[in-house]
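Asks: Structure below; questions to follow.
The values are calculated or read from the model by the stated rules, or taken from the named source; none is laboratory data. Since this is a predicted model, take the numbers as computed values, not measurements. Neighbour counts are summed over all protein chains in view; Cβ atoms, including those assigned to glycine, are modelled from backbone coordinates with ideal geometry. The accessibility values were calculated without ligands, DNA or RNA, using every heavy atom of the protein model including side chains. Shrake-Rupley method; radii C 1.70, N 1.55, O 1.52, S 1.80 Å.
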Amino acid sequence: MPSIKPSARELQAGGRLCGKVRVPGDKSISHRALLFGSIAEGSTTIHGLLPAEDPISTACCLRSMGVKISPIIKDQIVVVEGVGLDGLQEPEEVLQCGNSGTTMRLMLGLLVGRQGRHFVLTGDQSLRNRPMQRVGQPLKTMGAQLQGRSNGNFAPLAVTGQKLHGAVIGTPVASAQVKSAIILAALTAEGTTTVIEPAHSRDHSERMLRAFGANLEIGGEMGRHINIRPGSTLKGQEVVVPGDISSAAFWLVAGAITPHSEITVENVGLNPTRTGILEVMEQMEAQIEVLNQRDVAGEPVGDIKVRQTGRLKPFTLNAEIMPRLIDEVPILSVAACFCEGESRISGASELRVKETDRLAVMARQLKAMGADIEERSDGLIIQGGKILRGTALDSETDHRVAMSLAVAALLAEGNSMLDRSESAAVSYPNFWEDLERLRN
Ligand code: S3P
């Protein structure tokens, strides 16, 4: 008998998924609520903050710069006592961003304009190997000073706060992290800054900063031009974080492919910059319904009901839709294994610089189960309909890979063993409990 590593988890094949589930708070919105609350005047009250490792990394960094943030505990309101736009103190320690790209990139934008203060940022092994130049370069055009390995591309990164000036910046990739970092830097720069994106990325920063009182003007085709005028004071707010559609995606796909399943995912954020997964499920002709659509604190929200009904059509994803479903590609590659025919994913090279190289990791792990999957430089080609078999799997430390493989393993012949399953806690601490409950 091989020895079971502590983080390895047995995944039982078979069964159906039924019932209601509430996924935890949106990760992107949670980071932003903590960050913007910290630089506002007065207190910010956050309902539904994601109590997971990534937002906790953001909170720990902010606390070490003198911001008081109440404990981040499931189902508890979090209160941030803002220190104002210039109130962050120089930390005595290195800012540890853990596994969180959003923490590091947004923190860079926040810190480069803190004149005379010095900051060092680092992360885990995955984060230390993710590209930071895409943020560092535009910030340097605003006068920022930052250094790191490989000409400033890799953490550990050192920042010495400077007086920044506004600039017109075209970002090379449609990345909400890059855009948000520039917006944060622009809040304390001299003069107006304009950010122009090649395609519209998620707009949570723009929505929330406006609610906090920032002077942001959004224009251009599909909101790709953002003008930021400094000088406004941010005021603490009440933020309500909706459920994360990127976490809901695991149940939406599981419910569509697992025989006799019916799942309702309640209270899911439906921001149109995030709902690409729903468009793909339509392409697949999956049975999904969006119910109780409403607006909660500036973000659209609804419940999503999915039912497995039979055959699913293969789908095609290209660069156009990618920003609206970038984090859902791993679970969609699992969905493709259960569609009838060839699905093609292209324009997805950004996946190679996520927590892992998600194209390589998903291809490797699904191949180990017997899937017919071809890796391309910017995507995957998947022939659906091959029978998957249970086997030894590995999340390779990536939270979205862990949860995607858990769904694939449900449909396999024979049980699987998933190594490093604990990585799910980066964005969905209760994933394994919710899976057990839905399997009833
Ligand atoms: C995020 C933006 C996306 C996404 C990440 C969260 C954010 O990354 O993949 O999980 O909160 O801004 P990019 O900005 O690199 O596309």
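Asks: Kindly indicate the residue of region 27-64 that is part of a strand (DSSP E or B) and touching a helix residue (DSSP H, G or I) at 6+ places or on another chain (Cβ under 7 Å) and also nearest to Gly243 (Cα to Cα) among those meeting that condition.
Replies: Ile46
Asks: Being over 25 Å from Ala409 (Cα atoms) and at pLDDT below 95, is that true of even one residue in region 299-311?
Replies: yes
Asks: Determine which single condition Val407 fails, assuming it passes every other condition in (1) within 15 Å of the ligand (Cβ to nearest atom); (2) touching a residue at least 24 places away in the same chain (Cβ under 8 Å).
Replies: Answer for Val407: the failing condition is (1).
Asks: Val361 - would you say it is at pLDDT 95 or above and either open to solvent by 30 Å² or more (accessible area, probe 1.4 Å) or within 16 Å of the ligand (Cβ to nearest atom) (or both)?
Replies: yes
Asks: Hey, Leu17 hits all of (1) within 16 Å of the ligand (Cβ to nearest atom); (2) in contact (Cβ under 8 Å) with a residue 60 or more places away in the chain; (3) crowded, with 24+ Cβ neighbours inside 10 Å but one; which does it fall short on?
Replies: It fails just one condition, (1).
Asks: Tell me yes or no: at least one residue of region 336-347 is within 19 Å of the chain's Cα centre (by Cα) and open to solvent by less than 10 Å² (accessible area, probe 1.4 Å).
Replies: Looking for residues that are within 19 Å of the chain's Cα centre (by Cα) and open to solvent by less than 10 Å² (accessible area, probe 1.4 Å), one finds none in region 336-347, hence no.
Asks: Please note which strands (runs of 3 or more DSSP E) are completely contained in region 216-331 and include at least 2 residues that are in contact (Cβ under 8 Å) with a residue 40 or more places away in the chain and either out of contact with any Lys or Arg (no Cβ under 9 Å at 6 or more places or on another chain) or open to solvent by 20 Å² or more (accessible area, probe 1.4 Å) (or both).
Replies: 238-240, 262-269, 299-307
Asks: When region 16-70 is examined, which residues are found to be of a type in the set (Val, Ile, Thr), within 30 Å of Ala412 (Cα to Cα) and within 16 Å of the chain's Cα centre (by Cα)?
Replies: Val23
Asks: If the requirement is being open to solvent by 40 Å² or more (accessible area, probe 1.4 Å), touching a residue at least 24 places away in the same chain (Cβ under 8 Å) and within 16 Å of the ligand (Cβ to nearest atom), which of these qualifies: Glu81, Glu41, Glu10, Glu53?
Replies: Going through Glu81, Glu41, Glu10, Glu53 in turn, just one is open to solvent by 40 Å² or more (accessible area, probe 1.4 Å), touching a residue at least 24 places away in the same chain (Cβ under 8 Å) and within 16 Å of the ligand (Cβ to nearest atom): Glu53.
Asks: I need the full set of residues from region 319-336 which are farther than 20 Å from Leu438 by Cβ and away from the ligand (no atom under 16 Å from the Cβ), in order please.
Replies: Ala336 - this is the single residue of region 319-336 that is farther than 20 Å from Leu438 by Cβ and away from the ligand (no atom under 16 Å from the Cβ).
Asks: For the list (1) surrounded by fewer than 18 Cβ atoms within 10 Å (Cβ to Cβ); (2) within 30 Å of Gln145 (Cα to Cα); (3) among the β-branched types (Val, Ile, Thr), I need the number of the one condition that Ile73 fails.
Replies: Ile73 satisfies all of (1) surrounded by fewer than 18 Cβ atoms within 10 Å (Cβ to Cβ); (2) within 30 Å of Gln145 (Cα to Cα); (3) among the β-branched types (Val, Ile, Thr) except (2).
Asks: Just a yes or no: is a residue in region 121-133 under 22 Å from Gly37 (Cα atoms) and either in contact with a Lys or Arg (Cβ under 8 Å, 6 or more places away or on another chain) or at pLDDT 95 or above (or both)?
Replies: Yes, that holds for at least one residue.
Asks: Mind checking which residues of region 379-411 are in a strand (DSSP E or B), of a type in the set (A, V, I, L, M, F, W, C) and surrounded by 22 or more Cβ atoms within 10 Å (Cβ to Cβ)?
Replies: Leu380, Ile382, Leu393
Asks: While we're on this one: Could you list, in sequence order, the residues of region 65-83 that are assigned to a loop (DSSP other than H, G, I, E, B) and among the aliphatic types (A, V, I, L, M)?
Replies: If the condition is that a residue be assigned to a loop (DSSP other than H, G, I, E, B) and among the aliphatic types (A, V, I, L, M), then Met65, Val67, Ile72, Ile73, Ile77 are the ones that fit.
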